[in-house]
1. Which links in Lys139/Lys329; Lys144/Lys280; Lys94/Lys117 stretch past 27 Å when you go from one Cα to the other?
2. Between Asp146 and residues 5 or more places away or on another chain, which pairs have amide H atoms under 5 Å apart, with H built 1.01 Å from N, and which residues are they?
3. Around Glu309, which amide H atoms from residues at least 5 apart in sequence, or from another chain, sit under 5 Å from its own amide H, with H modelled in the peptide plane?
4. In nm, what is the difference between 0.36 nm times the number of residues separating Asp146 and Thr486 and their Cα-Cα distance?
5. Give a quick list of chymotrypsin sites (Phe, Trp or Tyr not before Pro) in the stretch 463-513 that DSSP marks as loop, anything other than H, G, I, E or B, with at most 11 other Cβ atoms within 10 Å.
6. Mind checking which lysines have their Cα closer than 21 Å to the Cα of Lys446? Skip sequence neighbours fewer than 8 apart in that chain.
7. Residue-wise, which Karplus ³J(HN,Hα) couplings in Hz belong to the stretch 35-52, taking 6.51 cos²θ - 1.76 cosθ + 1.60, θ = phi - 60°, and x for glycine or proline?
8. Measuring with a 1.4 Å probe in the full set of protein chains, what accessible area per residue, in whole Å², belongs to the stretch 285-333?
Amino acid sequence: DALLEVDGGFDVRYASGATNSLFGETEPDLVDRPLVALLIAHDRGLVLRLLRGLAEYARLEPVLVQINRTAEDPLPVVLTGYRMDGRYYLTLVKARPSHADLFMAGQRDAETGLLEKDAFAKVLGQRLGAAKRLDTPSKLTLLKLDEIQSLKDNIGTANTERLMAELGALLRVHAIDGTAAGRLADDRYGVLHQAALDGQEIKRQIEALGRAADPNGRGFGVDGSTIDVPVDGLNQQDTTRVLLYTIQKFSAAGGQPFIIHTLSEGLKEMLADTAARVAKLKDTVAGKKIAIALQPIVALATRNLHHYEALSRMPDGASPAETIGFAEKIGMAAELDLMVCQRVLEFLLSARDNSQSPKIAVNISAPSLESEIFVGAFRALLAPHPELRQRLVIEVTESTQIKDLVAAENVLARLRRDGHRVCLDDFGSGAASFQYIQALTIDFVKIDGAYVQRVMDSARDEAILKAMVGLCRELRIGTIAEMIETEEQARRLYDLGVTFGQGYLFGRPTVGPTGDRPAERGARRRNTAEVSA
């Protein structure tokens, strides 16, 4: 789209092409301007590093940068060219939307210009796919910068800004396409680079950068580990899942297992462990090896059974919460949720000829709710049995925050039209709970068990719980209190206006043969027409 000739001082000496379309300026307007003035601030250091490091008659590999048309409307372009006789001959081509969407300013770290963690994970998945198609091996280097915050505190705001911009530019110089580098936490970074580049060289360059920024010349320590991609024995999809989980663990880790002297070994062990867990989870899902336990939920006024909650039980006794969290991190939440839905549907089918057939709530995570593939598969699963939709309650879990509430509301509205009722789990435990009931049309909320556990001893928690129940009553939303263990708790919650109760007082989760009715202790089954919310 445009050709620029740039001199050794990095000023534009000639411009040709669609400059109005790219820059909003004519060709003569660009002449004698500094090249970096045409770029957004986060890309200037990168481009200068690339050009300074370019040998005579060498080609500049394509790199994605953004033109500084306006602060609100930067334009992603692919920059490439070559150096000859001390000058640079550069071409700029508008980037494809699919390539550029992940690299817009809103998904980049403000200090370094690197991708934020989630955007980096998406770019990583894209680049791994491209590398496999082109048969270009790559490596992922993860870096931990020790004591960098102490250096930033000592050198002042202006020098800190310069240091972080140079750090971002340095990592992007080595990243594939100049984009596949991200800031994963305050002191943790990742970069996907060509296999020929030694990760230790990146580490040495960052250490040199730190020493140059420190008036005392000490800088900060850098530790890192480089992982070959792809992982042997895994297909492309599973390789991506393993690496994304590795990034998540690396980002969230405190002192362990990523302390300096064990970082490399810890990452290798974790990668092997993660690969094994991915394979095991896939086998569990494919073989439907998760058992379903049912726990009763009763009307507090009558103690009559209202419905059951389906709870997962892992074949090896592993924590269901940990397994579900792992599935979410590696992108398998939808497969796991759909498998549980299939098991619950099997139970409902076995009991549908029984006039006492129960209603069952099944947990669906936010990633599944946001997946059109999952929603389509779930609806297809129920399509042959429309009469069972009203018996399958959807309980939306908040282990991962719902990102697009408008889209989620559209999905839930579609499912409610199908006949499902909807419950929001752990109400009151997350910052977004009240935002959820404002944006989502739901039938029930399940009040976080922490309030129930403290209701007898804390006037403050009782007041908060009473306010939540009052709000739900005004919105015509039924309330379910979980973790009820004593009659005193049940009576107090009923007095506060809570509609339904769940907990050991009424029955423990019970796994039984297909078609068996779980045992209830405090719940009565004499009227399964259920209490309406």
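The values are calculated or read from the model by the stated rules, or taken from the named source; none is laboratory data. Predicted model only: the values in this text are computed from it and were never measured. All Cβ positions, glycine included, derive from the backbone under ideal geometry; neighbour counts span all protein chains shown. The protein model used for the area step is the full one, side chains on, heavy atoms only, and it has no ligands, DNA or RNA in it. Shrake-Rupley method; radii C 1.70, N 1.55, O 1.52, S 1.80 Å.
1. Pairs exceeding the cut-off: Lys144/Lys280.
2. Residues meeting the amide H criterion: Gly221, Val222, Asp223.
3. Amide H neighbours of Glu309, under 5 Å, 5+ apart: Gln295, Ile297, Ala361.
4. Extra length from Asp146 to Thr486 when fully extended: 117.4 nm.
5. Those that pass, being in a loop and sparsely packed, number zero.
6. Excluding near neighbours in sequence, the set is Lys359, Lys403, Lys466.
7. Whole-Hz 3J(HN,Hα) from phi for the stretch 35-52: 4, 5, 5, 8, 10, 5, 4, 5, 9, 5, x, 4, 5, 5, 4, 5, 5, 5.
8. Per-residue accessible area for the stretch 285-333 comes out at 34 Å².
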